[in-house]
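Report on the structure given below.
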Amino acid sequence: MESIRSGTSASPPSTAAPLLGEPLPVELMNTIWADRDGVHDELTHPEGLAAWLRGVQPRLAPAGGPSFAQLPDPSADELRRFRQLRDALRRLAAVTTGDTRLAQDTDSDHLTAAVSAVNEACAYAPSWSALTWTGDGGPTRMDVADGTLPARVLSRVAEEGVRLFTGPGRAELRACHGPRCVLFFVRSHPRREWCSADCGNRARVARHYRRRRDAGEAAKA
């Protein structure tokens, strides 16, 4: 059992995965991303998972979350669990958004397996509140949890995933259909179409190119 306390940390190594300020379950989904060089996966090795955990640390620390200053590389089992949760969340997001890119993973068997994976992750490292009371500071609430630091983050992301899929954010979850993009995002504005401004720019350039090409072909006909 470990107490989750805030702490200072060195400047974290940069994760290669895009961090767009989305809810943590969506950030985990987006550890699979694509560019002109192909599809990439930040969770291929424990080092990638460690870099991603450090990258999202600021999202955890302000609420009394853990310090990642000396986070060792996660174990092979922790990496497997994060990949399992990530893939489950992406399947559920595909079902929610009607994303055809994961059509083969959205049948009833895959859906049942994805739900089970999320529930398993929620229960992996239970957390609860503890009360401390000092003469100088009075009562203070502290989060207490079982398991290693990565395990606790895994369960927290899974819990937030349950809230995402059962709460109002579900209606705003979107798959980005920009060129080569495989990311998800939660729409923060009714007119938002893309995961990022860069993706929107690429989509507009692609549309412009198609219009010019089609106009040229029509002129030749």
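Miscellaneous remarks
- Restricting the stretch 43-95 to residues that are acidic (Asp, Glu) and farther than 23 Å from Ala175 by Cα, the residue that is modelled with the lowest pLDDT: Asp73
- Taken together, the residues in the stretch 146-159 that are over 16 Å from Pro46 (Cβ atoms) and crowded, with 21+ Cβ neighbours inside 10 Å amount to 5.
- Residue count for the stretch 164-187, restricted to those that are in a helix (DSSP H, G or I) and under 17 Å from Arg86 (Cβ atoms): 2
- Qualifying positions in the stretch 22-44 - open to solvent by less than 30 Å² (accessible area, probe 1.4 Å) and closer than 18 Å to Ala88 by Cα: Glu22, Leu24, Pro25, Val26, Glu27, Leu28, Met29, Asn30, Thr31, Glu42, Leu43
- Within the stretch 96-112, considering residues that are over 19 Å from the mean Cα position of the chain (by Cα) and assigned to a helix (DSSP H, G or I), the one modelled with the highest pLDDT: Thr112
- Ala17 being hydrophobic (A, V, I, L, M, F, W, C), at pLDDT 95 or above and assigned to a loop (DSSP other than H, G, I, E, B): yes
- Checklist (1) open to solvent by 30 Å² or more (accessible area, probe 1.4 Å); (2) on the phi > 0 side of the Ramachandran plot applied to Pro168, failing item: (2)
- Matching residues in the stretch 113-145 - criterion: being of a type in the set (Gly, Ala, Ser), surrounded by 10 or more Cβ atoms within 10 Å (Cβ to Cβ) and in a strand (DSSP E or B): Ser127, Ala130, Ala145
The values are calculated or read from the model by the stated rules, or taken from the named source; none is laboratory data. None of these values were measured; they are calculated from a predicted model. Glycine gets a Cβ as well: all are built from the backbone with ideal geometry, and neighbour counts include every protein chain shown. The area values use the complete protein model at the heavy-atom level, side chains included, leaving out ligands, DNA and RNA. Shrake-Rupley method; radii C 1.70, N 1.55, O 1.52, S 1.80 Å.
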